[in-house]
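Asker: Input: one structure, supplied below.
Throughout, read-outs are computed from the coordinates displayed, never taken from laboratory work. Worth saying up front: this structure is predicted, and the values here are computed from it rather than measured. Quick reminder, even Gly has a Cβ in these numbers, built from the backbone with ideal geometry, and neighbours come from all protein chains shown.
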Amino acid sequence: MRIGDALSLLVERADVIEAAGRTFLLIEATPTLMNFLKSYGAGRETCGACHRRFTARRSDAKYCGSACRQQAYRGRRWSRWLQL
Ligand SMILES: [Zn+2]
């Protein structure tokens with residue numbers, strides 16, 4: 001089953017709204033899926049490693065979790081090493 005098919009089973013209603021030159025997606029879904037979307041798709045910040053949107057607990061957070069922070073740190077070290 002594709003993710004889109006699974007979502008269509010969980011989402012009861014989805015409307016695309018265009019207003020003020022921006023496109024919005026209105027979703028009606030089960031509370032479980034809504035919590036999932038809130039925590040994984042509707043955050044204000046974008047993770048610097050996995051590019052998933054998340055809600056930061058600290059205003060200066062750049063990554064969604066310690067795994068991504070570590071990955072980004074390793075990535076930085078690696079690219080610095082390449083430049084030498
Ligand atoms: Zn991440």
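Asker: Between LEU26 and TYR73, take the C-beta separation as r, use R0 = 35 Å, and let me know the FRET efficiency to the nearest 0.05. Before the final figure, lay out the partial values.
Answerer: Working: r = 38 Å, r/R0 = 1.09.
Given R0 = 35 Å and the Cβ-Cβ separation, E is 0.35.
Asker: 7 Å from Cα along Cα→Cβ at both ALA14 and ARG57: what's the point-to-point distance in nm?
Answerer: So the label points at ALA14 and ARG57 sit 3.1 nm apart.
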